[in-house]
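Notes follow the structure.
The values are calculated or read from the model by the stated rules, or taken from the named source; none is laboratory data. Please read all numbers here as calculations on a predicted model, not as lab measurements. Heads up, the Cβs are rebuilt from the backbone with ideal geometry, glycines too, and the neighbour counts pull from every protein chain shown. The accessibility values were calculated without ligands, DNA or RNA, using every heavy atom of the protein model including side chains. Shrake-Rupley method; radii C 1.70, N 1.55, O 1.52, S 1.80 Å.
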Amino acid sequence: MNLPANRLVVVGTGVAGLVTALSAAPRPVLLVGGSPPGSGGCTALAQGGIAAAMAFDDSAADHARDTLAAGAHHNDHDAVHYLVGDAGRAVRWLQAQGVVFDRDGDGLQLGREGGHGCSRIVHAGGDASGQALLQALADAARRAPHITWRAPAWLDAIRLCDGRVSGVALIEARTPPQELECAELVLATGGCGALFAATTNPASADGNGLALALACGARLRDAEFVQFHPTAMDVEQEGALPLITEALRGAGARLVDDQGRAVMDGHHAMGDLAPRDHVARRVWECQQTGTRVWLDATPLKGDWAQRFPTVLALCGRHGIDPRHQRIPVTPAAHFHMGGIAVGLDGSSDVPGLYAVGEVACNGVHGANRLASNSLLEGVVFGRRLGRRLADIRLHAPVHGHPRWVDRGQAADMPALRELRRLAGSALGPVRQRARMRDALDHLAVHPGLGHTWQGKLVVRFLQAALQRRKSLGAHFCVDDAG
Ligand SMILES: Cc1cc2nc3c(=O)[nH]c(=O)nc-3n(C[C@H](O)[C@H](O)[C@H](O)COP(=O)(O)OP(=O)(O)OC[C@H]3O[C@@H](n4cnc5c(N)ncnc54)[C@H](O)[C@@H]3O)c2cc1C
């Protein structure tokens, strides 16, 4: 079969997909997004901002040191050095795309978050950084003559020809599925937090990109490393729990128990600003003894409406005024350090298949992501991948028998609820080998769970966690602690 089109398709319109598409100019790009332009995905929800060593007394070397410490030195060193070395350029590139970061006098205002040795988080619209970024990038993409949008549209299947990507099947509302030729496909489909009962992620972050890549024969890397954010709001609701940004603790808020005692005292040298895995485990431990944990932000001074408008609005929706009341918090699945194994240029093991952003794993986050390094990852590695794809000019004709691959059977809603509960209890912030084995056994004898693509992903995560013999970073197993 000959390929008439050298089409480049980018799937996902969060930070990673948008930056990749913009950076591939002047090569034509078909940009496919599951949600309308400028909305959806985790990017829209990001609060804190983007880590970059911009202060006069900060350096890329210090940013690298903090990234490696948070990642338990499981990180790919080349990826880390590329990330931190390009961070300043990434921020300036974003400004050129129209992102307006909050300023402090002559310079950018810098916030502080857990695991960072100093203030280095640039933000926009106070704690509405992700939305500001997404709007500016979506506007830039709409103006870009080389980009054609297809949204809302859904990537349903991938065609392989002799093991190489050669086409995609897209689903759009009210039209029959459409098959398109394609020479390069970029998956920028985001994370998989929605596979867990308690999560900060929206429903679109369900790992469907991982499932498609696996079906194509791609490898997963570091699948067991799931970051739990320690301060999701502890409220009864199905779907994403509201996130209470770490920037509040950076500004002086404290985690306390029912009696008002600081729960991180004596547990980590960095106290409330310890890396997320430590804080999440501590909150989880308190909960196991029946103690509810609260974030006390009442001592914070300043203009809440300007600095933390998102938190103020989220709390307000649940009848809490954080200026005067403590906020109940719980750990929740937040970020997947693992993903489709890719090189620094985003290429996977499957010719023509690339991945970038949270769905990908080039090892940059190691065993635990440093706060505010993931928007940065999307920008830095999206730019690198886009430039690489722009340079591909010659496409050898593809011969051979085409084959369509899809995710397979999807779980229905009751099965999905049970899978989420199972993943939440077996793969949470504190794991036990027996519980993980029980979960695997349960999935093996319940095909309605274990044979679905979501179930198969949970099996992969469980197998990866059981294979790791020592606790590391976000993977903490009581049997192998220390
Ligand atoms: C509440 C919250 C706060 C956060 N705060 C920060 C922060 O302050 N700083 C930071 O660095 N990180 C933060 N993160 C993490 C960060 O937001 C994400 O890691 C990052 O935005 C991921 O970007 P992405 O482009 O890879 O994926 P997303 O932004 O999730 O985008 C994925 C896109 O792919 C689309 N999609 C998925 N599957 C398909 C399909 N089959 N077909 C078509 N489209 C598809 C989705 O609709 C979505 O638009 C936060 C995350 C959350 C949940």
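The set of residues from the range 121-155 being outside any helix (DSSP H, G or I), open to solvent by 40 Å² or more (accessible area, probe 1.4 Å) and within 11 Å of the ligand (Cβ to nearest atom) comprises Arg150, Pro152, Trp154.
Could you please tell me which pairs satisfy a Cβ distance under 7 Å, a separation of 6+ or placement on different chains, a first residue in the range 357-380 that is touching a residue at least 60 places away in the same chain (Cβ under 8 Å) and in a loop (DSSP other than H, G, I, E, B), and a second residue that is surrounded by 24 or more Cβ atoms within 10 Å (Cβ to Cβ) and of a type in the set (Lys, Arg)? Short answer, once both residue conditions are applied: Asn368/Arg276; Ala371/Arg276. If only residues of the range 156-205 that are among the basic types (Lys, Arg) and surrounded by fewer than 21 Cβ atoms within 10 Å (Cβ to Cβ) are counted, the one that is nearest to the ligand (Cβ to nearest atom) is Arg174.
All of (1) open to solvent by less than 30 Å² (accessible area, probe 1.4 Å); (2) assigned to a loop (DSSP other than H, G, I, E, B) hold for Thr298 with one exception: (1).
When Ala415 is tested against (1) within 30 Å of Leu8 (Cα to Cα); (2) touching a Gly at 6+ places or on another chain (Cβ under 6 Å), just one condition goes unmet, and that condition is (1). Tallying residues that are touching a Phe, Trp or Tyr at 6+ places or on another chain (Cβ under 7 Å) and outside any loop (DSSP other than H, G, I, E, B) within the range 312-343 yields 8.
What do you reckon, is Val226 within 19 Å of His365 (Cα to Cα) and either more than 11 Å from the ligand (Cβ to nearest atom) or buried (at least 24 other Cβ atoms within 10 Å of the Cβ) (or both)? Spelling it out, Val226 is indeed within 19 Å of His365 (Cα to Cα) and either more than 11 Å from the ligand (Cβ to nearest atom) or buried (at least 24 other Cβ atoms within 10 Å of the Cβ) (or both). Would you say Ala61 is away from the ligand (no atom under 14 Å from the Cβ), open to solvent by less than 10 Å² (accessible area, probe 1.4 Å) and out of contact with any helix residue (DSSP H, G or I) (no Cβ under 7 Å at 6 or more places or on another chain)? The answer is no for Ala61.
Summed over the range 244-269, residues that are in contact with a Leu (Cβ under 9 Å, 6 or more places away or on another chain), in a loop (DSSP other than H, G, I, E, B) and touching a residue at least 40 places away in the same chain (Cβ under 8 Å) total 5. Considering only residues in the range 22-43 that are of a type in the set (S, T, N, Q) and near the ligand (Cβ under 9 Å from one of its atoms), the one that is most open to solvent (accessible area, probe 1.4 Å) turns out to be Ser39. The residue pairs whose first member lies in the range 92-117 and is touching a residue at least 12 places away in the same chain (Cβ under 8 Å), whose second member is in a strand (DSSP E or B) and open to solvent by less than 70 Å² (accessible area, probe 1.4 Å), and whose beta carbons are closer than 6 Å, counting only pairs six or more residues apart or on different chains, are Phe101/Leu108; Phe101/Val122; Leu108/Val122; Gly111/Ile121; Glu113/Ile121.
Condition check ((1) among the charged types (D, E, K, R); (2) in the same structural domain as Asp258 (by TED's automatic domain parsing); (3) modelled with pLDDT of 95 or more; (4) in contact with a strand residue (DSSP E or B) (Cβ under 6 Å, 6 or more places away or on another chain)) across all residues:
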residue	(1), (2), (3), (4)
Gly302	no, yes, no, no
Pro309	no, yes, no, no
Leu344	no, no, yes, no
Pro351	no, no, yes, yes
Ala360	no, no, yes, yes
Arg383	yes, no, yes, no
Gly386	no, no, yes, no
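Those residues that are over 16 Å from Gly193 (Cα atoms) and β-branched (Val, Ile, Thr), I need them from the range 214-248; list them, please. Across the range 214-248, the qualifying residues are Val235, Ile244, Thr245. In the list His267, His278, which residue meets the criterion of being at pLDDT below 95, of a type outside the set (S, T, N, Q), within 22 Å of Gly48 (Cα to Cα) and open to solvent by 20 Å² or more (accessible area, probe 1.4 Å)? When all the criteria are applied, what remains is His278. All of Ala53, Ala79, Ala87 fail the test of being in contact (Cβ under 8 Å) with a residue 60 or more places away in the chain, of a type in the set (Gly, Ala, Ser), more than 19 Å from Leu18 (Cβ to Cβ) and not in a loop (DSSP other than H, G, I, E, B), apart from Ala79.
The condition of being within 15 Å of the ligand (Cβ to nearest atom) and open to solvent by 10 Å² or more (accessible area, probe 1.4 Å) holds for only one of Asp66, Asp76, that being Asp66.
Considering the range 46-58, and only residues there that are modelled with pLDDT of 95 or more and open to solvent by 10 Å² or more (accessible area, probe 1.4 Å), the residue that is nearest to the ligand (Cβ to nearest atom) turns out to be Ala53.
Checked against the criterion of being assigned to a strand (DSSP E or B), touching a strand residue (DSSP E or B) at 6+ places or on another chain (Cβ under 9 Å) and touching a residue at least 24 places away in the same chain (Cβ under 8 Å), the candidates Leu210, Leu185 yield just one match: Leu185.
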